[in-house]
Amino acid sequence: MRFPAPLVEGTLIRRYKRFLADVTLPDGAEVVAHCPNPGRMTSCAYPGGKVLLSPAMNPKRKLKWTWEIAYAGETAILVNTSRPNGVVGEALAAKQVPGLEAYTSIKPEVKYGEKSRIDFLLTGEGLPNAYVEVKSVSLLVEPGLAAFPDAVTARGRKHLEELMAMKTAGHRAVMVFLLSRGDADRIRPADEIDPAYGKTLRVAVAAGVELIGLRGVITPDSMTVSGTVPIDL
């Protein structure tokens, strides 16, 4: 997934009201950027730290900048939660997601369950339908170990319950965790933040929901997938 325009470096002043961030640009100008991340952004939003912004493509948009990447030291972290589906979608099309290479049709945002949309519905001749949900993992809980979620997520638990329903109906149900930072090599549930999510995730796995951890590679120009990472339950 390539960013649609060259990103601009800035320095984070503060993040506030969940979806806003004040950023200083290289010329000294202070701008308000859209922060497309509903989580707490613990371990990735550091005042005084380097960030990368994308310029708005629509000249009529109120906020002219979007926060795409944060840095923790030298580590790039994708913070724009609208991007991971594009990253995983390209990986699926390129047959880079283990266990899902045989599927020939990839449809995003398909309605299913109770008024929900699955991130991807995969189909292929002679194969069971595969319902694939994607989550971006940006929380670092200790060196080398990332966790999901970084805030309580009733929506995330609902997604797991709907995946279990798809599995019960005879389909494949897959949860993909995209590791969106480069300083970790394992993922686990963040039980200390949302124990209900961790419990539901383990129930889902016992019911046959498949888990796949993908390593994201982030540059100032793009984000791609390179191999898998283990998920510790």
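Here are a few things to note about the model shown:
- Only listed residue being in contact with a Pro (Cβ under 6 Å, 6 or more places away or on another chain) and either on the phi > 0 side of the Ramachandran plot or crowded, with 19+ Cβ neighbours inside 10 Å (or both), chosen from LEU12, LEU53: LEU12
- Evaluation of LYS95 against (1) out of contact with any Asp or Glu (no Cβ under 6 Å at 6 or more places or on another chain); (2) part of a loop (DSSP other than H, G, I, E, B) (one fails), failing number: (1)
For (1) farther than 30 Å from ALA173 by Cα; (2) surrounded by fewer than 14 Cβ atoms within 10 Å (Cβ to Cβ), each residue gets a yes or a no:
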position: LEU20; (1), (2): yes, no
position: ASP27; (1), (2): yes, yes
position: VAL31; (1), (2): yes, no
position: THR42; (1), (2): no, no
position: TYR46; (1), (2): yes, no
position: TRP65; (1), (2): yes, no
position: LYS95; (1), (2): no, yes
position: ASP119; (1), (2): no, no
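- Among the residues making up the range 44-60, those that are of a type in the set (Gly, Ala, Ser), in a loop (DSSP other than H, G, I, E, B) and at pLDDT 95 or above are GLY48, GLY49.
- Only listed residue being over 26 Å from THR153 (Cβ atoms), of a type in the set (D, E, K, R) and out of contact with any His (no Cβ under 6 Å at 6 or more places or on another chain), chosen from LYS17, LYS60: LYS60
- Residues satisfying the stated conditions in the range 180-194, i.e. of a type in the set (A, V, I, L, M) and either over 20 Å from ALA76 (Cα atoms) or surrounded by fewer than 22 Cβ atoms within 10 Å (Cβ to Cβ) (or both): ALA190, ILE193
- Cβ pairs under 6 Å, 6+ apart, first in the range 95-119 and β-branched (Val, Ile, Thr), second assigned to a loop (DSSP other than H, G, I, E, B) and surrounded by 12 or more Cβ atoms within 10 Å (Cβ to Cβ): THR104/GLY124
- Residue list for the range 137-153, filter: surrounded by fewer than 24 Cβ atoms within 10 Å (Cβ to Cβ) and under 16 Å from ILE218 (Cβ atoms): LEU140
- Selected residue [under 24 Å from LEU7 (Cβ atoms) and hydroxyl-bearing (Ser, Thr, Tyr)] from THR104, THR81: THR81
Listed here are the residues, each with its yes/no results for (1) loosely packed, with under 11 Cβ neighbours inside 10 Å; (2) more than 21 Å from the chain's Cα centre (by Cα); (3) among the acidic types (Asp, Glu).
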site: ALA5; (1), (2), (3): yes, no, no
site: PRO38; (1), (2), (3): no, no, no
site: MET57; (1), (2), (3): yes, yes, no
site: GLU68; (1), (2), (3): no, no, yes
site: SER82; (1), (2), (3): no, no, no
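- Scope the range 24-42; condition farther than 29 Å from ALA190 by Cα and touching an Asp or Glu at 6+ places or on another chain (Cβ under 9 Å); matching residues: THR24, LEU25, PRO26, GLU30, VAL31, VAL32
- Residues that are over 18 Å from ILE187 (Cα atoms), assigned to a strand (DSSP E or B) and modelled with pLDDT under 95 are absent from the range 61-69 altogether.
- Note on the range 99-180: no enclosed strands (runs of 3 or more DSSP E) hold 3 or more residues that are modelled with pLDDT of 95 or more and out of contact with any strand residue (DSSP E or B) (no Cβ under 9 Å at 6 or more places or on another chain).
The values are calculated or read from the model by the stated rules, or taken from the named source; none is laboratory data. Keep in mind the model is a prediction, meaning the values are calculated, not measured. Don't worry about glycine lacking a Cβ; one is built from the backbone with ideal geometry, like all the others, and counts go over all protein chains shown.
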